[in-house]
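A.B. asks: Let me begin by handing over the structure; questions about it come next.
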Amino acid sequence: MSFEVYKFGGASVSTADGVRNLIAILNKSTSKDIIIVVSAMGKITNALERVVASYFESKELCVEAIQPVIEYHFSLAEDLFENHATPVFKKLQRLFEELNGFLNRNKSPDYDFVYDQVVSYGELLSTTIVNAYLSENGFASVWHDVREYIKTDATYREGKVNWELTMQNLSTELPKTGIHLMQGFIGSEANGFTTTLGREGSDYTAAIIAYCLNAKAVTIWKDVPGVLSADPRYFDHAVLLRFISYQEAIELAFYGASVIHPKTLQPLQRKEIPLFVRSFNDPDAPGTQVSLGQAIEPEVPCYILKKNQVLLELASLDFSFMAEENIGEIFKLLGIYKMKVDLIQNSAISFSVCVDNKFKNLEVLVAKLRADFKVTVHQNVNLYTLRHATSESIEILELNKEILLKQVAQNTVQLVTL
Ligand code: ADP
Ligand code: ASP
Ligand code: MG
């Protein structure tokens, strides 16, 4: 007997109708043994990020920032549960009391630590509501605190999974059958404090669980028909990719196709666990299947856009060549300041790097770099990646754009534009 893993993201459970829709999806499933991973509802993680930011400003601002989070969950629960004596309301209240308790008692000035302790409530709240709703509607689903299973190091906001411990916990402590519901995105470190796996990490949670339990398959239910040849928010010619390989999916996700979290693919590939990306609104449609060695079908150019990136252009101060020591120094600093490198290009006297300033360390990084290099900074640039490029698709991509940098490797073209 082995589990199927279903993952529902923020967009899928952002409204009461979204939560109701879970029942329709579960009713269609042929499997009786399912692990359901749910992330925070709608844009709640962003709202909780604002709670953290205001916590470091003033108590009043923090109290104000929590208010919309409280209202959102209670109003959604009121819509789902007619009987206000249902225990779910008490459970939600208890979670908010716990969160307030943390905020009142905490002495740690460590932003990332506080971030994880606070932001994780998004998933605790969403799973509390979803589990109560499933139980009330005939599914004997069991709520689990995923932090008891998924163990990480203490890198807050980007916990590194301790695979051995996690595998041991999941394989020995979780029942082998039935429907089990858990939070995405969160885990805990050795002292029991909550950690998170990085923004949008719930897909990754589904993969971790699937890997540790040798699941039959993972399905991530999305607000799109599957993996498309482009993000429909930014491109109007996106088509559904019915089949792709893990490798293709890794490349797409790595370059910024945000439909799958990039860390999701490797564990699944390792055990050849198929991944399905399917439409939450159209559960009869087949979606995308990701499996080993599968040729992309249909083979079309794929467009990926990463917004708000930073292009750094560096040159030596003394007209010397950009050699190994210089480049080594630059990479050391990029590592220290947690810059995610998207693209690099170098010539004899210059070195350009396009980075994601996820952790807002750009200013201090640039100050350090300026001690040794002439640095030009372009903020808010777009990084376009085109895979399976054809001359026609390159033409379309380049149309009306101010290009700062272009890189071509085999059939992948990357552009950094203003
Ligand atoms: P959730 O958080 O609900 O799991 P996400 O919002 O993180 O889902 O991912 C789905 C979104 O990913 C889509 O709404 C779409 O805008 C975006 N997206 C980016 N690239 C692609 C792509 N290549 N194919 C499909 N969707 C994409
Ligand atoms: N709720 C988390 C986030 O918004 C994790 C996820 O949605 O995957 O980043
Ligand atoms: Mg998401």
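Readers should treat all values here as calculations from the given coordinates under stated rules, not as data from a laboratory. As the structure is a computational prediction, the values presented were derived from the model and not from experiment. Ideal geometry is used to build each Cβ from the backbone, glycine not excepted, and the neighbour counts take in all protein chains shown.
A.B. asks: Evaluate the distance, in nm, between pseudo-label points positioned 7 Å from the Cα of ARG242 and of ALA190 along their respective Cα→Cβ axes.
C.D. replies: Calculated label separation equals 5.1 nm.
A.B. asks: Tell me the angle of helix 246-255 to the major Cα principal axis of the chain, expressed in degrees between 0 and 90 and rounded to the nearest ten.
C.D. replies: Value to nearest ten degrees: 70.
A.B. asks: Moving on. If I build a Gaussian network model for the chain, linking alpha-carbon pairs within less than 10 angstrom, which residue out of SER350, SER291, SER320 has the largest mean-square fluctuation?
C.D. replies: SER320
A.B. asks: Can you bin the range 73-181 into rounded, prolate or oblate? Criterion: square roots of the alpha carbon gyration tensor eigenvalues sorted a ≥ b ≥ c, rounded for a/c under 1.5, prolate for a/b above b/c, oblate for the rest.
C.D. replies: Because a/c hits 1.5 or more and a/b fails to exceed b/c, the range 73-181 counts as oblate.
A.B. asks: Stretch GLU299-ALA348 to full length: gain in nm at 0.36 nm per residue minus the Cα-Cα span?
C.D. replies: Gain on stretching GLU299 to ALA348: 13.9 nm.
A.B. asks: How large is log10 of I(q)/I(0) for the range 246-323 at q = 0.14, 0.23, 0.24 Å⁻¹ when the intensity is taken from the Debye formula with one equal scatterer per alpha-carbon?
C.D. replies: Scattering profile of the range 246-323, log10 relative to I(0): -0.61, -1.17, -1.23.
A.B. asks: For the range 130-248, what Kirkwood radius comes out of the mean inverse Cα-Cα distance, in Å?
C.D. replies: Mean inverse Cα-Cα distance, inverted, gives 16.2 Å.
A.B. asks: List the residues of the range 132-154 whose backbone N lies under 18 Å from a point placed 7 Å from the Cα of ASN83 along the Cα-to-Cβ direction.
C.D. replies: Residues passing the 18 Å test: 132-141.
A.B. asks: While we're here: Sorted by mean Cβ packing within 10 Å, highest first, what order do the peptides 145-153, 364-372 take? Show your work: numbers first, answer last.
C.D. replies: On the way: 145-153: 20.9, 364-372: 14.9.
Ranking, from highest mean packing down: 145-153, 364-372.
A.B. asks: Count the net charge of all other residues whose Cβ sits under 12 Å from the Cβ of ALA132, scoring Lys and Arg as +1 and Asp and Glu as -1.
C.D. replies: That sum, taken over residues with Cβ under 12 Å, equals +1.
A.B. asks: With a 10 Å radius around each residue's Cβ, average the other Cβ atoms per peptide and rank 295-307, 220-232, highest first.
C.D. replies: 220-232, 295-307
A.B. asks: Quick one: which residues, 5+ away or cross-chain, put their amide H under 5 Å from the amide H of PHE243? H built at 1.01 Å from N.
C.D. replies: GLN289, GLU297
A.B. asks: Right, something else. If you take the beta carbon distance between LYS216 and LYS340 as r and set R0 to 56 Å, what does 1/(1 + (r/R0)^6) give as a FRET efficiency, to the nearest 0.05?
C.D. replies: Result of the calculation: an efficiency of 0.95.
A.B. asks: While we're on this one: Just flag the trypsin sites (Lys or Arg not before Pro) in the range 27-90 sitting in loop per DSSP whose Cβ has no more than 16 other Cβ atoms within 10 Å.
C.D. replies: Taking the range 27-90 and a limit of 16 other Cβ atoms within 10 Å, the loop trypsin sites (Lys or Arg not before Pro) found are LYS32, LYS43.
A.B. asks: Among the aspartates and glutamates, which fall within straight-line cross-link reach of LYS216, defined as a Cα-Cα distance under 15 Å, with same-chain neighbours fewer than 8 residues apart omitted?
C.D. replies: Cα-Cα hits under 15 Å: GLU4, ASP33, GLU272.
A.B. asks: Now for a different question. Placing +1 on the Cβ of each Lys and Arg and -1 on the Cβ of each Asp and Glu in the chain, which of PRO232, THR166, ALA77 has its Cα farthest towards the positive end of the resulting dipole?
C.D. replies: Result: THR166, furthest along the dipole toward the positive end.
A.B. asks: Here's a follow-up. Can you tell me the 0 to 90 degree angle between the C-alpha axis of helix 16-28 and the longest principal axis of the chain, rounded to 10?
C.D. replies: Relative to the chain, helix 16-28 is tipped by roughly 80 degrees.
A.B. asks: Rounded to the nearest Å, what's the spacing between the alpha carbon centres of the range 267-340 and the range 346-361? Just the number, please.
C.D. replies: Centre-to-centre (Cα) distance: 15 Å.
A.B. asks: Can you work out the base-10 log of I(q)/I(0) for the chain at q = 0.08, 0.11, 0.13 1/Å, using the Debye formula on its C-alpha atoms alone?
C.D. replies: Debye output, listed in q order: -0.49, -0.91, -1.22.
A.B. asks: Under 14 Å from the 7 Å Cα→Cβ point of GLN410, by amide nitrogen: which residues of the range 225-265?
C.D. replies: Inside the label zone: 245-252.
A.B. asks: Averaged across orientations, what area in nm² does the convex hull of the alpha carbons in the range 189-334 project?
C.D. replies: 13.2
A.B. asks: Considering the zone a paramagnetic label at GLU329 would reach in this model (a point 7 Å from Cα along the Cα-to-Cβ line), which residues of the range 352-368 have amide N under 20 Å from it?
C.D. replies: So the set is 352-354, 362-368.
A.B. asks: In addition: Just in the range 340-418: which GluC sites (Glu not before Pro) are loop by DSSP and have at most 11 other Cβ atoms within 10 Å? Working shown, then result.
C.D. replies: Numbers: sites: GLU363, GLU392, GLU395, GLU398, GLU402; in loops: GLU402.
Filter output for the range 340-418: GLU402.
A.B. asks: Then there is this: Which value, in debye to the nearest 20, describes the size of the charge dipole of the range 250-345 about its Cα centre when Lys and Arg Cβ atoms bear +1, Asp and Glu Cβ atoms bear -1, and nothing else is charged?
C.D. replies: I would put it at about 440 debye.
A.B. asks: Between GLU402 and THR390, how many nm apart are label points set 7 Å from Cα along the C-beta direction?
C.D. replies: It works out to 3.2 nm between the two label points.
A.B. asks: Using helices alone, I'd like the mean residue ellipticity at 222 nm for the chain: each DSSP H run of four-plus residues gives -39500 (n - 2.57), total over residue count, nearest 500.
C.D. replies: It lands at -12000 deg cm²/dmol.
A.B. asks: Volume per residue, Å³, of the convex hull around the alpha-carbon atoms of the range 1-116?
C.D. replies: Numbers: hull volume 15.8 nm³, N = 116.
Output value, Cα hull per residue: 136 Å³.
A.B. asks: Tell me the GluC sites (Glu not before Pro) within the range 40-138 that lie in a loop according to DSSP and have at most 14 other beta-carbon atoms within 10 Å.
C.D. replies: GLU57, GLU82
A.B. asks: Using modelled amide H (1.01 Å from N, peptide plane; none on Pro or chain starts), what sits under 5 Å from the amide H of LYS340, excluding residues fewer than 5 places away?
C.D. replies: ASP356, LYS358
A.B. asks: Distance between Cα centroids, the range 69-119 to the range 404-418: provide it in whole Å.
C.D. replies: 45
A.B. asks: May I pose another question? Quick one: which of 338-349, 100-111 comes out on top by average Cβ neighbours within 10 Å, and what's the full order, highest first?
C.D. replies: 338-349, 100-111
A.B. asks: With +1 assigned to the C-beta of every Lys and Arg and -1 to the C-beta of every Asp and Glu, and no other charges, what is the dipole magnitude of the chain about the Cα centre in debye, to the nearest 20? Before the final figure, lay out each step's value.
C.D. replies: Details: 39 positive and 50 negative charges, 95 e Å.
About 460 debye.
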